[in-house]
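Only one structure is covered here, and it is reproduced in the block below.
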């Protein structure tokens, strides 16, 4: 199976490395407007062909799949051309920056009978998969609320805001963990560095199942934080992707309320038990994304993070963008 990689700047080389590690998978082309980036890839992988022109890849009928790792504003045009030229596509998040464009790409992929997948890496993170298993088992009890922090000091992007760049990760992860979708969002942000591009955003989502999810995303923060906290009626969980030795912690803690609702007769018990760190699989999430995409191409199954899911995330982000402008709560219309 022959691949072309479009975009070999910051994140693209990770895909090249992964493809080189897989059996019967060949990286045939690398495309990028940056000649130095292309030269670097050629030194690392001497057998690949390099080009600054997307058309060189599109007209190569031996290319089965393309991976698109370019600025978000360019996704629509590149993915559309790839699908029109009968290529399967794996694209970085977000799928597009408008709902209209995302809908068109999902429809086109069905028409062309080609796989369209979006890199929602965290869904295949071993810590998140384990947390999903624990939530589904009922071990945490009824989920009360969640909050997430996705922050760092840079990199600062010029094509999309911090919300569009960082927030998708934990929005699709929350949807996955809760097996539910948000019905509304209230967002607040500030464009502190580049006018019109919010560098910090606070979002609060109401979910279909009643769970409240608060998300803080920023590229103007002193610490690199990738943390999700889940509060249940029986136990609580903390996912910390930055941690080297405790990516997932389960706390046997809860609050038991007994007695009459009248506060004078209310008995509140704080239950504090052990904390455990579950054993996790040692697998690279991005490699799992690529392997899942290849499987879908081979057997026709739907990828774990499909174009349809990518469309839903764009719809949610668009609602959040509307909330930022109006400073009001906005409904998430996902149909």
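Inspect region 55-66 for any residue being surrounded by 23 or more Cβ atoms within 10 Å (Cβ to Cβ), within 20 Å of residue 163 (Cβ to Cβ) and either out of contact with any strand residue (DSSP E or B) (no Cβ under 7 Å at 6 or more places or on another chain) or touching a residue at least 40 places away in the same chain (Cβ under 8 Å) (or both) and give the result as yes or no.
No.
Among the residues of region 103-151, count how many are at positive phi and surrounded by 14 or more Cβ atoms within 10 Å (Cβ to Cβ).
1
Out of 39, 28, which single residue is in contact with a strand residue (DSSP E or B) (Cβ under 6 Å, 6 or more places away or on another chain) and surrounded by fewer than 21 Cβ atoms within 10 Å (Cβ to Cβ)?
Details: 39 fails: in contact with a strand residue (DSSP E or B) (Cβ under 6 Å, 6 or more places away or on another chain).
Among 39, 28, only 28 is in contact with a strand residue (DSSP E or B) (Cβ under 6 Å, 6 or more places away or on another chain) and surrounded by fewer than 21 Cβ atoms within 10 Å (Cβ to Cβ).
Considering only residues that are touching a strand residue (DSSP E or B) at 6+ places or on another chain (Cβ under 6 Å) and surrounded by 18 or more Cβ atoms within 10 Å (Cβ to Cβ), look in region 270-296 and name the one that is nearest to residue 66 (Cα to Cα).
It comes out as 293.
Restricting attention to region 198-208, does a residue exist that is within 22 Å of residue 135 (Cβ to Cβ) and assigned to a loop (DSSP other than H, G, I, E, B)?
Yes, there is a match, as at least one residue in region 198-208 is within 22 Å of residue 135 (Cβ to Cβ) and assigned to a loop (DSSP other than H, G, I, E, B).
Can you name every residue in region 168-197 that is part of a helix (DSSP H, G or I) and touching a helix residue (DSSP H, G or I) at 6+ places or on another chain (Cβ under 7 Å)? Steps first, please.
In the first step, residues of region 168-197 are kept if they are part of a helix (DSSP H, G or I); the result is 168-178.
Listed by number, the residues that qualify are 168, 169, 171, 172, 173, 176, 177.
Based on this model, can you work out whether residue 252 counts as surrounded by fewer than 17 Cβ atoms within 10 Å (Cβ to Cβ), assigned to a strand (DSSP E or B), in contact with a strand residue (DSSP E or B) (Cβ under 6 Å, 6 or more places away or on another chain) and in contact (Cβ under 8 Å) with a residue 24 or more places away in the chain?
Yes, satisfied.
All of the numbers you see were taken from the coordinates with simple rules; none came from a lab. Only a predicted model underlies this, so the values are computations on that prediction, with no experimental measurement involved. Note that each Cβ is placed from the backbone with ideal geometry, even for glycine, and that neighbours are counted across all protein chains shown.
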